[in-house]
Structure formats: structure tokens, C-alpha cells
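Below: one structure, written as C-alpha cells.
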Amino acid sequence: MRLRALLITAAVCAGSLGSTSAMAWSFSWGKYTGWPTRTTSNNTPSTGTPAPSPVPAPSTGGGTSTADGCTLSAEDKAMLDAVNAARAQGRSCGGSYYQAAPALTWSCGLSKVALGHSTDMATHNFFSHTGSDGLTVGQRVSNAGYRWSAVGENIAAGYADVTKVMDGWLKSAGHCANIMNRNYTQLGAASYRSSGSSYGIYWTQVFARPR
């Protein structure tokens, strides 16, 4: 199983899990830029920091239609609910503590970008934030017509379902930071299965805030 987290929010950070069974990368890019820096993941939670009152996550009900005109599948709803449940309480991501964050809404456009990248990784049998066409997440989102002020991405491979992949992401500092980032207001995510690929199933989460 693999996870990747490559973070770009005013600076570039990359981290990986020191495990042969899982690797983590996340990517986020804010409207302000700075010099690249590198950090490594730290899966040891900080202690002694009281969690604030939870921010309630909204109920999204089965077959929910979104404002931009698509209907969430069962997997979409499970992913959105899992992300918003995680954001509803403060948590440590590596050595950094994150306050509870407002719930995200689902974006049809971002989910199409996520599906495109998961499909690309599975069918071309690679694992990277850079697509087979050389594009980054920011370029993929822009090419889909989404005008963003902040964008981020988590990817994973080999995790059987939403529960397992979310557990892996939340145990990785970079992925966890993307999930808890208050800069983001929208989420799209998708998995794609290919029996001929190295990991069988590939996952992508795309986070963004529109301009």
C-alpha cells in the first residue's frame, strides 16, 4: 500500500511515511508563494493540547445532489462524511496541532479532476502527483475551469475502502494537514480500480478554495 502527500501552501513541503507498506504524499498550493522547504512526516501525536469544541459536520444523506449539479455516490458520500468528521475536532498532524475546521462541500468539478488522476495512475501504472501528461494538480484543476485561490491533493494506492485510506492519510502528517487545512472549502475525491496495475486501486483527494 502506498500513500503520498506533497504539500505546497506558501512553501513546498514533502513527507513520507517511514514504512515499507505505506508511503504518504500530499500537495497544497495557496495564493501566496514562498521559498521551497522540506519536512519529513512525524506520526507521533502531540500531547497535552486540549481539543476545542467540535465543529459539527453537516448531514449529506444518500443520493445528495450538489449545488453544481452532480449526485454523490455512496463512496463520495462516505469520503465527504469521513473528511468532515475528521475536521470536526482538533487533532495533531505530526508535530503540529490543528484546530477544528469548518465542514467542506462537495465539488463535482474537483471530483472529475480526482477521478481523472486516479484513472491516469491506475491505467498507466505509476504513483505520483505529476500526471502522465506532466501536469500538476494546480494545472489539472485550472484546466477543468475551476478558478482557485488554494488547491491541494492527497493520493494513495492499495487501500481497499474509504475507511482504510482515511485512516492511512490521517496517520501521515502531510495528508492530515491537508485534510485539516482551514484554507480549503471544497472537496472532490475518487478511486479507480485496475487489476493489471501494481496496487489494484488508486485514490485521489482534491481540495480547493475558489476565487
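The values are calculated or read from the model by the stated rules, or taken from the named source; none is laboratory data. Predicted model only: the values in this text are computed from it and were never measured. For neighbour counting, all protein chains shown are included, and Cβ atoms are generated from backbone atoms with ideal geometry for every residue, glycine included. Surface areas here come from the heavy atoms of the whole protein model, side chains and all, with no ligands, DNA or RNA. Shrake-Rupley method; radii C 1.70, N 1.55, O 1.52, S 1.80 Å.
Here are the numbers:
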| quantity | calculated |
| --- | --- |
| Per-region count, the stretch 196-208, residues open to solvent by 10 Å² or more (accessible area, probe 1.4 Å) and either closer than 17 Å to Leu115 by Cα or under 13 Å from the mean Cα position of the chain (by Cα) (or both) | 4 |
| Residue count for the stretch 72-99, restricted to those that are small (Gly, Ala, Ser), surrounded by fewer than 20 Cβ atoms within 10 Å (Cβ to Cβ) and either in contact with a His (Cβ under 8 Å, 6 or more places away or on another chain) or closer than 22 Å to Ser172 by Cβ (or both) | 8 |
| Subset tally (residues that are open to solvent by 50 Å² or more (accessible area, probe 1.4 Å) and in a helix (DSSP H, G or I)) for the stretch 124-151 | 4 |
| Tally, over the stretch 152-167, of residues that are more than 10 Å from the chain's Cα centre (by Cα) and open to solvent by less than 10 Å² (accessible area, probe 1.4 Å) | 2 |
